[in-house]
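Only the coordinates and a few stated rules stand behind these numbers; no lab work does. This one's a predicted model, so the numbers in the text were calculated from it and none came from an experiment. Positions of Cβ are generated from backbone atoms using ideal geometry, with glycine treated the same way; all protein chains shown enter the neighbour counts.
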Amino acid sequence: MLSSTVFFVLVLLTFAGFYMGRSKAVSSVSGELRELQSLPGYYGYYVAIWCGLPVMLLLGLWFSLEPRIIEMILISEMPERFAGLSDIQLNLLINDIHNLAQNNITSRQVDAELMAVAERYAALKQTSAWAMMVATLSMAIAGLTYGQRSITPAFKASNFVEKVIMAALIASSTIAVLTTIGIVLSLLFESIRFFNMVSPADFLFGLEWSPQTALRPDQVGSSGLFGAIPLLTGTLLISFIAMMVAAPVGLLSAMFMAEYANPRFRAAVKPLLEILAGVPTVVYGFFAALTVAPLFRGFGVNIGLDISSESALAAGAVMGIMIIPFVSSMSDDAIRAVPLAMREGSMGLGATKSETIKRVIFPAALPGIIGGLLLAVSRAIGETMIVVMAAGLSANLTANPLEAVTTITVQIVSLLTGDQEFDSPKTLSAFALGLLLFVVTLILNIIALKIVKKFREKYD
Amino acid sequence: MTDTPTMKRVREGLKRRYRSEKRFQSFGILAIVLALGFLVFLLANVFVQGMSAFRTTEIAVQVYFDPMVIDPGGTREREALSKANYRGLVRKSLRDIFPDVKDRQDKRRLYKLLSTGAGFNLRKEVLDNPGLIGKTLTVWMVASDDVDMAFKNNASFDKNVKSQGINAKQSAWLRDLKASGQIRSVFNKTFFLSGDSREPELAGIGGAVMGSLLSLAVTLAISFPLGAMTAVYLEEFAPKNRWTEIIEVNINNLASVPSIIFGLLGLSVFLNVFNMNRSSPMVGGLVLALMTLPTVIIAGRAALKSVPPSIREAALSVGASPLQAVFHHVLPLSMPGMLTGAIIGMARALGETAPLLMIGMVAFIVDVPKGFADPATALPVQIFLWADSPERAFEEKTAAAIVILLAFLICMNLIAVIMRKKFERKW
């Protein structure tokens with residue numbers, strides 16, 4: 001509560017800074033605005049920046065450091081009997097102290113000693129909140145006065161303000177790069193910990209996946225095998241089925257839209273097709289698991305085939321429906337990029353429209369189409385919800401689409417939902433799978449974008 | 001016209017070629033019809049399954065608010081009132097309707113007609129209005145999910161539908177209730193207002209919608225300013241050098257990274273390194289913001305590109321600085337396009353599930369979240385959770401939640417389309 005009040009006051013101060021700076025500038029030349037080096041507003045922004053920016057940085061620093069510092073103080077003052085705990089036990093203890101301080105349910109018996117620690121924690125938090133209030137407010141006021149005092153008619157406020165804005169623009173543009181670095185580092189870091197326990201060769205070439213690790217040495221049924229091949233084949237099988245649905249439908253509809261359809265038909269149907277891509281994947285998952293899979297299963301029973309209720313076929317077919325618009329819009333672009341002269345040349349020789357499409361336009365657009373298909377494949381490989389809901393959990397090394405297979409994404413989800421311990425290979429293997437997924441989709445995307453780009457250059 | 005042998009061959013082949021032309025064209029139409037057919041089937045399927053969840057079944061019960069049960073001390077203190085045995089009251093009222101039910105098992109079946117939430121409702125009514133104590137009132141109470149399903153499928157309870165968790169005796173009681181007008185179907189307010197529950201008849205999407213809105217607020221607050229600023233920098237100011245190229249390639253690649261990877265990023269960075277609250281809309285919103293950032297940037301750049309250079313040049317020529325030219329003239333003109341991109345990005349974020357599973361927004365949460373740090377779930381995650389539940393009644397809830405989700409998405413996209421139509425300028 002205190003912190004939101006402080007925040008509100010700080011925002012108010014910043015606004016006040018703007019108006020104070022502007023009026024100071026205006027009054028410093030007694031209304032003769034031509035005498036000012038910059039527009040009056042810039043002086044306002046200048047003071048506001050001095051008032052708000054340092055405080056914002058301080059707040060960020062405070063919020064990222066505060067929990068740690070409080071934790072350190074707590075640990076150093078901990079009663080004797082809590083000394084010598086392992087990291088995990090310590091984490092649990094601190095969690096309990098948090099809960100106790102907030103009057104939540106704790107996982108252990110509460111005694112007076114623990115209660116005292118919790119009270120100390122609450123007191124520390126309170127102190128920190130007050131300290132933060134004093135520090136930020138005094139900093140804001142100091143910034144305000146400094147900014148206010150440096151305003152003179154000749155002061156180049158606009159240069160300063162523009163430099164700050166430019167710096168903010170550059171900083172925000174690096175966020176995308178930082179995100180990528182964050183992804184790569186977090187995946188790599190946890191994967192390396194995983195590969196310290198399981199050799200990379202076992203992971204990449206192992207034929208069996210059963211990540212249940214033994215908690216006790218005498219436990220049965222927990223082999224802890226981390227061979228990713230069955231997951232990879234399962235992923236590819238489902239993606240292949242999806243492409244068998246999406247490629248013909250998407251390609252044919254793209255050809256029709258680009259070559260036959262009149263503009264009005266196109267304008268009406270194209271957005272409708274795009275809806276297929278806009279439907280959330282969890283909806284497709286629901287559809288696959290509760291409608292399509294039972295449908296296939298019932299059909300299989302009728303013709304005497306044993307189709308699993310979590311068959312790769314159902315998940316793949318529904319995923320195929322989802323990626324139809326990707327295929328069709330990418331192919332549509334590729335087909336429309338083929339120059340008109342090639343069409344006219346072919347038709348001038350007496351070819352029918354379909355002959356022109358099949359023999360001239362399709363081969364000419366092929367690189368672009370392949371690029372689009374690769375992008376669609378990468379999307380299918382990374383798709384999560386449909387397979388989580390409609391595909392199986394057990395890793396089968398099979399090419400039979402009627403059986404249940406599992407995929408990389410399904411395993412990541414099943415390994416990471418629920419309780420996790422970050423030192424077991426079982427949890428860490430999810431990050432290794434994530435790395436594998438990231439690398440595979442990245443390679444596919446790079447190849448696809450290269451092909452598409454090359455193809456565009458050819459006709460531009 | 002003279003027929004040379006070549007012309008003859010051409011003419012003979014024409015029929016076949018025209019046939020193949022027709023065939024090819026009809027394949028194209030078939031493909032489009034197929035794709036649209038899938039869409040219609042998908043949507044119709046969900047709607048048909050989901051519509052019934054918007055109504056719920058209630059049973060009228062005469063309740064005697066017995067002072068001996070509710071407030072034996074006669075103190076009327078909240079504490080005492082809230083601890084009374086309301087379930088017993090409900091059960092007694094049920095027994096009063098069917099006085100000839102004596103067998104223990106039969107009694108238990110009788111109690112199962114009403115939801116376990118009926119007692120809570122009574123408690124709430126008494127706490128809101130302690131004057132009820134001592135009076136006898138007819139109260140409409142939520143029926144159990146089995147009764148609800150049976151009433152929706154077979155409103156006269158004439159078939160013996162044992163498979164739906166209602167046996168012959170229960171059917172008979174329900175027929176009696178129906179005959180005396182003590183059972184009715186009403187608009188399901190609970191579904192919109194309350195949080196998740198293990199009991200399908202008490203479960204609602206209120207908590208999930210709130211969680212989604214909170215997450216989206218964080219997402220919008222982060223990804224729109226950052227995306228717009230990045231777009232402005234890359235489109236207007238960035239020098240053509242290696243670093244800029246790296247940023248651009250990066251953004252394009254990020255746009256096609258599978259969403260679950262962003263979830264892994266959130267798990268290991270926001271949760272494990274920064275120790276943020278698990279399952280909170282704050283973390284969910286951050287992850288979704290990073291995920292939608294590329295979409296917003298790409299849309300923003302397209303919007304900036306569509307502003308003709310003459311605007312910039314005119315501003316510069318009357319003495320504006322480059323920053324002034326952009327912020328005073330180009331940016332306002334490209335704002336509709338940027339906002340459209342942001343809305344589309346938000347729509348994508350709203351439908352996204354996988355990354356939220358990674359950061360623990362998949363927990364079973366009953367309370368409606370009130371702040372950014374409260375544990376919460378999101379609408380698509382709620383759909384996922386319900387789709388996994390074994391109770392049959394959750395199936396219609398799932399479909400109904402999907403209907404709500406799709407309604408939100410349609411609204412957002414409609415706004416985007418209307419904005420584009422209204423503000424789009426041809427230069």
_Span from the region B:266-287 Cα centroid across to the region A:256-275 one, whole angstrom_ = 42
*Among the lysines, which fall within straight-line cross-link reach of A:LYS353, defined as a Cα-Cα distance under 26 Å, with same-chain neighbours fewer than 8 residues apart omitted?*
A:LYS270, A:LYS458, B:LYS8, B:LYS15, B:LYS22
*Against the longest principal axis of chain A, how steep is helix A:425-459, in degrees 0 to 90 to the nearest 10, with axes from Cα atoms?*
70
*Using only alpha carbon pairs under 8 Å that are at least six residues apart, calculate the relative contact order of chain B and give it in whole percent.*
19
*asked:* Give me the dipole magnitude in Debye, nearest 20, for region B:334-427 about the Cα centre, with unit charges on the beta carbon: positive for Lys and Arg, negative for Asp and Glu.
replied: 760
*Show the residues, 5+ positions off or on another chain, whose built amide H is closer than 5 Å to the amide H of B:VAL257.*
none
*Computed FRET efficiency, Cβ-Cβ of A:THR5 and B:MET335, R0 35 Å: what is it to the nearest 0.05?*
0.60
*Find how many whole Å separate the alpha carbon centroid of region A:331-362 from the alpha carbon centroid of region B:54-131.*
76
_Hz values of 3J(HN,Hα) by residue in region B:27-33 - Karplus curve (6.51, -1.76, 1.60), Gly and Pro given as x_ = 4, x, 4, 4, 4, 5, 4
*log10 of Debye I(q)/I(0), alpha-carbon scatterers only, for region A:225-459 at 0.12, 0.14 Å⁻¹*: -0.74, -0.93
*Pop out the ³J(HN,Hα) list for region A:320-326 in order, Karplus 6.51 cos²θ - 1.76 cosθ + 1.60 with θ = phi - 60°, rounded to Hz; leave Gly and Pro as x.*
x, 4, 5, 8, 3, x, 4
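Let me know the charge dipole size of the protein assembly as shown about its Cα centre in debye, to the nearest 20, where only the beta-carbon of Lys, Arg (+1) and Asp, Glu (-1) is charged. It would help to have the intermediate numbers written out before the result.
On the way: 79 positive and 66 negative charges, 640 e Å.
Roughly 3080 debye, rounded to the nearest 20.
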*What is the average number of partner chain Cβ atoms found within 10 Å of a Cβ in A:407-414?*
3
*If you find the alpha carbon centre of region A:4-32 and of region B:331-388, how far apart are they in angstrom?*
37
*Give the cross-link partners of A:LYS163 among the lysines, using a straight C-alpha distance below 20 Å as the criterion and excluding same-chain residues fewer than 8 apart.*
B:LYS240
*Dipole of the protein assembly as shown (Lys/Arg Cβ +1, Asp/Glu Cβ -1, origin at the Cα centre): which of A:PHE15, A:ALA201, B:ALA231 lies farthest to the positive side?*
B:ALA231
_I'm checking a number: the convex hull volume of the Cα atoms of region A:156-197, normalised per residue, in Å³. What is it?_
44
*Only Cα pairs under 8 Å and at least 6 apart count here; give the relative contact order of chain A as a rounded whole percent.*
16
*If amide H atoms are built 1.01 Å from N in the plane of the peptide, which residues on other chains or at least 5 residues away come under 5 Å of the amide H of B:MET141?*
B:ILE59, B:ALA60, B:VAL61
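Please say if chain B is rounded, prolate or oblate, where rounded means a/c under 1.5 for a ≥ b ≥ c the square roots of the C-alpha gyration tensor eigenvalues, and otherwise the choice is prolate for a/b larger than b/c and oblate otherwise? Provide the component values of the computation, followed by the final result.
Numbers: a/c = 3.12, a/b = 1.61, b/c = 1.94.
Oblate, since a/c reaches 1.5 and b/c is not below a/b.
Is the C-alpha gyration tensor of region B:56-187 telling us rounded, prolate or oblate? Criteria: a/c under 1.5 is rounded; beyond that, a/b larger than b/c is prolate, otherwise oblate.
Working: a/c = 2.42, a/b = 1.97, b/c = 1.23.
It comes out prolate by the Cα gyration axes.
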_Two-decimal log10 I(q)/I(0) for the protein assembly as shown, as the Debye equation yields it once each C-alpha is a single scatterer, q = 0.08 Å⁻¹_ = -0.94
*Please give the peptides A:254-263, A:284-293 ranked by average Cβ packing (other Cβ atoms within 10 Å per residue), highest first, as a rough proxy for protection.*
A:284-293, A:254-263
*Which whole-Hz ³J(HN,Hα) couplings does region A:293-300 yield from phi under the Karplus relation 6.51 cos²θ - 1.76 cosθ + 1.60, θ = phi - 60°, glycine and proline marked x?*
4, x, 4, 4, 5, x, 4, x
*Which net charge results when you count Lys and Arg as +1 and Asp and Glu as -1 among the other residues whose beta-carbon is under 12 Å from that of B:SER197?*
-4
*So for region A:225-459, taking the charge dipole from beta-carbon charges (+1 Lys/Arg, -1 Asp/Glu), which of A:ILE381, A:LEU444, A:THR235 sits furthest toward the positive end?*
A:LEU444
_Relative contact order of region A:275-378, defined on C-alpha pairs under 8 angstrom at six or more residues apart (%)_ = 28
*Residues of B:351-358, mean number of Cβ from any other protein chain within 10 Å of their own Cβ, rounded to a whole number?*
6
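Name the shape class, rounded, prolate or oblate, that the alpha-carbon gyration tensor gives for region B:273-346, where a ≥ b ≥ c are the square roots of its eigenvalues, rounded holds for a/c under 1.5, and otherwise prolate holds if a/b is larger than b/c and oblate otherwise. Write down the numbers at each step before the final one.
Details: a/c = 4.29, a/b = 2.50, b/c = 1.72.
Here region B:273-346 falls in the prolate category.
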*Farthest positive-ward along chain B dipole, Cα basis, beta-carbon charges - from B:PRO5, B:HIS328, B:ASN272*: B:PRO5
*Please compute the net charge surrounding B:TRP140, taking Lys and Arg as +1 and Asp and Glu as -1 over other residues with Cβ under 9 Å from its Cβ.*
0
*asked:* Using a 7 Å offset from Cα along Cα-Cβ at B:ARG425, what residues in region B:225-264 end up with backbone N under 19 Å from the label point?
replied: B:232, B:236
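What size of dipole, in debye to the nearest 20, comes out for region A:154-300 about its Cα centre when the only charges are +1 on Lys and Arg C-beta atoms and -1 on Asp and Glu C-beta atoms?
Values: 8 positive and 7 negative charges, 104 e Å.
So the dipole magnitude of region A:154-300 works out to roughly 500 debye.
Please give the per residue volume of the convex hull enclosing the alpha carbon atoms of region B:222-268, rounded to a whole number of Å³. Don't skip to the answer; put the middle values down first.
Details: hull volume 4.1 nm³, N = 47.
Given the Cα convex hull of region B:222-268, per-residue volume reads 86 Å³.
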